[in-house]
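Participant: My questions will all concern the structure given below.
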Amino acid sequence: MRDLQRAIDTIAAETRFSGVVRVDGGDDVLVAKAYGFAHRGFGVANTVDTRFAIASGTKGFTALAVMSLIEEGRLSLTTTARSVLGEDLPLIDDRVTVEQLLAHRSGIGDYFDEDLERPITDHVLEVPVHELATIEDHLRVLDGYPTKFPPGERFSYCNGGYVVLALIAERTVGTPYHDLVLQRVCAPAGMADTAFLRSDEVPGRTALGYLDTDGDGTNVLHLPVRGAGDGGISTTAADVASFWTALFAGRIVSKDRVADMVRPHSDVPANGARYGLGFWLAASGDVVELHGYDAGISFQTEHDPNTRLTSTVISNTSEGAWPIAEHLDEVFTPSGQWQPSNEK
């Protein structure tokens, strides 16, 4: 592991990485190191237990909260969004199902359409961010986007679809979405440092999200004051490791349900990957992934359930995670083993 640590240190220095890198082999922590600053103005360094926002990494948690309701019989994969939304969001096709939303195959219009190329640091929200604290608040963000294609026709990554899922879950049980995720996903996984934090009430041991490698500009005016189903949760690298262990042990939802979530539901050749229900999947093999990318946030975690090898790169800058994540991809072979080294 010393070779791997040296390589990570080199990339971190060359790119001025800010964040945490962690590699776990089963129950053993093989690499865990922090770099850069959680707060540049006050010179507060990141530590291995600093909390970071993970943007779309949240989608896996939303999917699991929904799946837990399906296991209880309160929803089904064939439940239509319309049956829960009523007259809200009238441009969503009446045929769209929970399964299609989970698989990014719903065809609904997206408030943040990733097929449209634009800088990640653009201001895309047309509603003042301080007014977006609850899931119901996001109805104004979601409304007005016409259908892109008939439900089920193809894969198209859709952020808004996961906000709709959060709304469906919340209305189904009458419990706020944020509480549902904490109760049904984080608690059984032992993720004590994971929470939906407000950007105007940042507690200690939490990194601010910086737009660039240099400067003091943060993402506070780019994102909702409290995230929704498509992003917004903050966590630590250690909690991410706990999450993967709990997921595949069947402590969040049953192992059979997990197997359905991490089997391919779509091939996504443009991304060199496949997609399940809430999770990215490697182009081949069994590696399961969560990604997050937004203004002031970059995150990638990969887990091989066969070898229990996990890598997590989490950064409080917009592009910071990618060079180290790409290096880990290169040394992570399809068999799930680190490439041989003369040193351990």
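The values are calculated or read from the model by the stated rules, or taken from the named source; none is laboratory data. Note that the coordinates shown come from a computational prediction; the quantities given were computed from them, not determined experimentally. All Cβ positions, glycine included, derive from the backbone under ideal geometry; neighbour counts span all protein chains shown. Only protein heavy atoms, including side chains, enter the accessible area calculation; ligands, DNA and RNA are left aside. Shrake-Rupley method; radii C 1.70, N 1.55, O 1.52, S 1.80 Å.
Participant: Set the Förster radius R0 to 22 Å, insert the Cβ-Cβ distance between Arg263 and Ala187 as r into 1/(1 + (r/R0)^6), and round the FRET efficiency to 0.05.
Facilitator: Given R0 = 22 Å and the Cβ-Cβ separation, E is 0.25.
Participant: Also, quick follow-up: Which one, Gly152, Val84, His123, projects farthest toward the positive side of the charge dipole computed for segment 56-176 from Cβ point charges (K/R +1, D/E -1)?
Facilitator: Ranked along the dipole, the leading option is Gly152.
Participant: Then there's this: Which order do Arg105, Arg16 take by accessible area at a 1.4 Å probe, largest first? Intermediate results must be reported in sequence, preceding the final value.
Facilitator: Details: Arg105 60, Arg16 135 Å².
Correct descending sequence by accessible area is Arg16, Arg105.
Participant: Starting from 0.36 nm per residue, how many nanometres of slack lie between Ser83 and Thr121 once their C-alpha separation is accounted for?
Facilitator: Details: separation 38, 0.36 × 38 = 13.68 nm, distance 3.58 nm.
Length gained, Ser83 through Thr121: 10.1 nm.
Participant: Sequence gap of 8 or more, or different chains, plus Cα separation below 30 Å: how many lysine pairs satisfy both in the chain? Show your work: numbers first, answer last.
Facilitator: Numbers: Lys33/Lys59; Lys33/Lys344; Lys59/Lys148; Lys59/Lys255.
Close lysine pairs found across the chain: 4.
Participant: Still on this structure, I have one more. Would you please state which residues of segment 7-34 a label at Val44 would reach in this model, taking the label point 7 Å out along Cα→Cβ and a backbone N cut-off of under 15 Å?
Facilitator: 19
Participant: Still on this structure, please answer the following. Relative to the longest principal Cα axis of the chain, at what angle does helix 237-249 sit, 0 to 90 degrees, rounded to 10?
Facilitator: 60
Participant: Name the long-range amide H neighbours of Val268: under 5 Å, sequence gap of 5 or more, or other chain; modelled H, no Pro or chain starts.
Facilitator: When sequence neighbours closer than 5 places are left aside, the close amide H contacts are Ala273, Arg274, Tyr275.
Participant: For Lys255, what accessible surface area do you get with a 1.4 Å probe? Give it in Å², rounded to 10.
Facilitator: Accessible surface of Lys255 is approximately 130 Å².
Participant: Ignoring ligands, DNA and RNA, how do Tyr157, Tyr177 rank by accessible area with a 1.4 Å probe, largest first?
Facilitator: Values: Tyr157 35, Tyr177 0 Å².
Greatest to least solvent exposure: Tyr157, Tyr177.
Participant: At a 1.4 Å probe radius, carbon and sulfur cover how many percent of the accessible area of the chain?
Facilitator: Details: 7130 of 14340 Å².
So the carbon and sulfur contribution to the accessible surface is 50 percent.
Participant: Let me ask you something else. Relative to the longest principal Cα axis of the chain, at what angle does helix 322-331 sit, 0 to 90 degrees, rounded to 10?
Facilitator: Relative to the chain, helix 322-331 is tipped by roughly 70 degrees.
Participant: Then there is this: Looking at segment 119-195, which GluC sites (Glu not before Pro) are DSSP coil and have at most 11 other C-beta atoms within 10 Å of their C-beta?
Facilitator: Details: sites: Glu126, Glu131, Glu136, Glu153, Glu170; in loops: Glu126, Glu153.
Sparse-neighbourhood loop GluC sites (Glu not before Pro): Glu126.
Participant: Per DSSP H run of at least 4 residues, take -39500 (n - 2.57); add these up for the chain, divide by its residues and hand me the 222 nm value, nearest 500 deg cm²/dmol.
Facilitator: Working: 10 runs with 92 residues, N = 344.
Helix contribution divided over all residues of the chain: -7500 deg cm²/dmol.
Participant: Within segment 222-241, whose backbone N sits under 14 Å from a point 7 Å along Cα→Cβ of Arg308?
Facilitator: Flagged as within label range: 241.
Participant: Kindly report the accessible area of segment 194-299 per residue (heavy atoms of protein chains, probe 1.4 Å, no ligands, DNA or RNA), in Å². Mind showing how you got there, number by number?
Facilitator: Values: 4010 Å² over 106 residues.
For segment 194-299, the per-residue accessible area is 38 Å².
Participant: Next question, about the same structure. What order do you get for 270-276, 257-263 when each peptide is scored by the mean count of other beta carbon atoms within 10 Å, highest first? List each step's numbers first, then the result.
Facilitator: Values: 270-276: 16.1, 257-263: 18.1.
Output ranking for 270-276, 257-263: 257-263, 270-276.
Participant: Can you give the accessible area of His123, probe radius 1.4 Å, in Å² rounded to 10?
Facilitator: Answer for His123: close to 120 Å² accessible.
Participant: Quick check: pseudo-label points 7 Å beyond the Cα along Cα→Cβ at Glu131 and Ala270, how many nm apart are they?
Facilitator: Taking the simple label geometry, Glu131 and Ala270 are separated by 3.1 nm.
Participant: Between segment 16-63 and segment 183-237, what is the separation of their alpha carbon centroids in Å?
Facilitator: 11
Participant: Follow-up question, since we're still on this one. Round to the nearest 10 and give me the degree value, 0 to 90, for the angle of helix 58-71's Cα axis relative to the longest principal axis of the chain.
Facilitator: 50
Participant: If you put +1 on each Lys and Arg Cβ and -1 on each Asp and Glu Cβ, how big is the dipole of the chain around its Cα centre, in Debye rounded to 20?
Facilitator: Numbers: 28 positive and 49 negative charges, 151 e Å.
It works out to roughly 720 debye.
Participant: Once ligands and nucleic acids are excluded and a 1.4 Å probe is used, how much of Phe37 is accessible, expressed in Å² to the nearest 10?
Facilitator: About 100 Å², rounded to the nearest 10.
Participant: Output the Kirkwood hydrodynamic radius of segment 239-300, Cα pairs only, in Å rounded to one decimal. Write out the running numbers ahead of the final one.
Facilitator: Working: mean 1/r = 0.0797 Å⁻¹.
Radius from the Kirkwood sum: 12.5 Å.
Participant: Sticking with this one: Which one of Ala321, Ile168, Thr236 is farthest out on the positive end of the charge dipole of the chain, using unit charges on Cβ (Lys, Arg +1; Asp, Glu -1) and the Cα centre as origin?
Facilitator: Positive-end residue among those listed: Thr236.
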